[in-house]
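Here's the structure, in structure tokens; my notes come after.
The values are calculated or read from the model by the stated rules, or taken from the named source; none is laboratory data. Quick caveat: nothing in here was measured; it's all calculated off a predicted structure. Cβ atoms come from the backbone with ideal geometry, glycine included; neighbour counts cover every protein chain shown. The area values use the complete protein model at the heavy-atom level, side chains included, leaving out ligands, DNA and RNA. Shrake-Rupley method; radii C 1.70, N 1.55, O 1.52, S 1.80 Å.
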Amino acid sequence: MRLIGHLDMDAFFAAVEERDHPELRGQPIVVGADPAGGQGRGVVATANYPARKYGIHSAMPISQAWKAAEVARRRGRPATAFVRGSHRRYSEVSERIMAIVRRHAQVVEAASIDEAYFDLSFAGSLARAADICRQIKLIIKEEEQLTASIGLGPNKLIAKIASDFQKPDGLTVVTAEEAENFLAPLPVRKIPGIGPKTEKSLARLGIKTVRDLKRFSPEQLQERFGKWGPELYERIRGRHESPLVTEWEPKSIGEQETFGTDTLDLNFIFTRLWVMCHEVFKRVKAEGFLTYRTVVVTVRCADFDTKSRSHTLPTPSDSPRRLRFEAMKLLMPFLDQRENPKHKLIRLIGVRVEKLGK
Ligand code: TTP
Ligand code: MG
């Protein structure tokens, strides 16, 4: 019997902000680009549940989120906190969450920054697997003061949809026998692979739920969806045999830092660059790699103009000094006429290595 779990953190970036800034607790929070009083460019990364009540969601233009928050505020509802957030902090929390999951299962697929599939088949029964899921949730709450939602089912597809079924802080268990009926009443959009466009074109045919879609034969689905049709035919019946993808190897390892204030202070910038190179090299080693061949430096100016420059060495290097040297060489032109004729202040720099070798 296959038993697959899928964990997805609740309002992840916003929940981390709420945890780390007690003064924000319970308030609507939006993590994303600077709203700049409604003139900001960029988008919302995520919103916590109170902010979602205002209609704010991931990928929405930040200016639109600002307007929605203003409308709510004028109606006397709580004001929304807009936070820039720190990707690096979220990655750190993410790594600790993944480590908690790995303490409970050997086969784990880290599917994104806040979600993981894990194989609990070894538990032997659904009840025991569900206990492990409860344990994982509990430990995440104790160690990270964050909530996760978990779905448990006979395959990745069901587990993923189940984890979304009772958010936040949910645990949804679906047996192999229940899987098909579990999917039937759901909107077609819940099936991974059906995006907003397909959803619309199906709606025009009067097809809204998975149950509606099941009227099509495999041939009809093939006609409509091409190669993917027969696979979709299986999916909407809850059948999905994809294995967990565990051998994920990072193609690159990098660090970046947004400075407290925009600057062209060479001493400061080079010191930060060296610290970053040191961190990157430590992570290369920690992840079991010995060498790198490509070094990439990213520079973001105060006006958000962002450029990357890279250099690939003729042969792989295992030297931290070489990394520092190459990174410096790539950064230099941004500090003088060559890449920065207007002497723009620098807001962020990043260092990354690629073509890693063992
Ligand atoms: P999600 O798991 O999709 O969203 P979420 O964790 O914020 O909320 P939910 O409770 O519904 O799971 O994404 C995880 C994080 O990834 C999210 O906190 C922020 C980031 N993200 C973006 O930066 N841009 C996006 O468009 C999306 C969808 C997510
Ligand atoms: Mg999430």
Which three extents, in whole angstrom, do the alpha-carbon atoms of the range 237-358 cover along their principal axes, largest first? 58, 39, 24
Global geometry of the range 181-235, whether rounded, prolate or oblate, following the gyration tensor of its Cα atoms and the 1.5 cut on a/c: rounded
Checking ASN181, ASN340, ASN155 against a Gaussian network model of the chain (alpha-carbon springs below 10 Å), the top fluctuating residue turns out to be ASN340
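Over all directions, the average projected area of the alpha-carbon convex hull for the range 124-181 comes to how many nm²? Write out the running numbers ahead of the final one.
Details: hull surface 15.7 nm².
Value for the range 124-181: 3.9 nm².
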Computed on Cα atoms, Rg of the range 14-83 relative to 2.2 N^0.38 Å comes out at 0.97
Rg to Rh ratio, the range 68-188, alpha-carbon atoms and Kirkwood radius? 1.06
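Calculate, for the chain, the solvent-accessible area per residue in square angstrom, rolling a 1.4 angstrom probe over the heavy atoms of the protein chains. If you can, show how the numbers build up before the last one.
On the way: 18610 Å² over 358 residues.
On a per-residue basis, the chain sits at 52 Å².
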Sort TRP228, TRP274 by accessible area with a 1.4 Å probe, largest first. TRP274, TRP228
At a threshold of 8 angstrom on Cα-Cα distance, excluding pairs fewer than six apart, so keeping six or more, what relative contact order does the range 1-100 reach in percent? 26 percent
Give me the distance between the Cα centres of the range 256-289 and the range 106-129, rounded to whole Å. 35 Å
Can you find, among VAL101, VAL16, SER63, the residue sitting farthest towards the positive end of the charge dipole of the chain, where Lys and Arg contribute +1 and Asp and Glu -1 at Cβ? SER63
Using the charge dipole of the range 175-260 (Lys, Arg: +1 at Cβ; Asp, Glu: -1 at Cβ; taken about the Cα centre), state which of GLY206, SER252, ILE236 has its Cα farthest towards the positive end. GLY206
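Relative contact order for the range 238-358: what percent, with Cα pairs under 8 Å and sequence separation of 6 or more?
Details: 194 pairs, mean separation 50.9, N = 121.
Computed value for the range 238-358: 42 percent relative contact order.
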Just tell me, in residue order, which DSSP H segments of the chain are both 27 angstrom or longer along the helix axis (alpha-carbon based) and at least 0.0 in mean Kyte-Doolittle hydropathy. 266-286
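From the cross-link list LYS156/LYS285; LYS227/LYS251; LYS167/LYS197; LYS53/LYS200; LYS190/LYS214; LYS307/LYS344, which pairs have alpha carbons spaced over 20 Å apart?
Numbers: LYS156/LYS285 32 Å; LYS227/LYS251 30 Å; LYS167/LYS197 25 Å; LYS53/LYS200 24 Å; LYS190/LYS214 14 Å; LYS307/LYS344 13 Å.
Violating the 20 Å Cα-Cα cut-off are LYS156/LYS285; LYS227/LYS251; LYS167/LYS197; LYS53/LYS200.
With contacts defined as alpha carbon pairs under 8 Å and 6 or more residues apart, what's the relative contact order of the chain in percent?
On the way: 645 pairs, mean separation 49.9, N = 358.
Taking the mean separation of contacting Cα pairs over the length of the chain, I get 14 percent.
Heavy atoms only, probe 1.4 Å: what % of the accessible area of the chain goes to carbon and sulfur, would you let me know?
Working: 9620 of 18610 Å².
Within the chain, the accessible surface is 52 percent carbon and sulfur.
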If I histogram all Cα-Cα distances within the chain using bins 10 Å wide from 0, what percent of pairs lands in each bin? 5, 19, 23, 27, 19, 7, 1
What aspartates and glutamates does LYS355 reach when the alpha-carbon gap must be under 13 Å and sequence neighbours fewer than 8 apart in one chain are set aside? GLU249, ASP318
A chain fully extended from HIS21 to VAL71 at 0.36 nm per residue, minus the present Cα-Cα distance, gains in nm 15.5 nm
Full-extension gain in nm, HIS278 to TYR49, via 0.36 nm per residue minus C-alpha separation: 78.6 nm
Can you give the direction-averaged projected area of the convex hull of the alpha-carbon atoms in the range 74-122, in nm²? 5.6 nm²
Over the chain: helical MRE at 222 nm, DSSP H runs n ≥ 4 each giving -39500 (n - 2.57), nearest 500: -11500 deg cm²/dmol
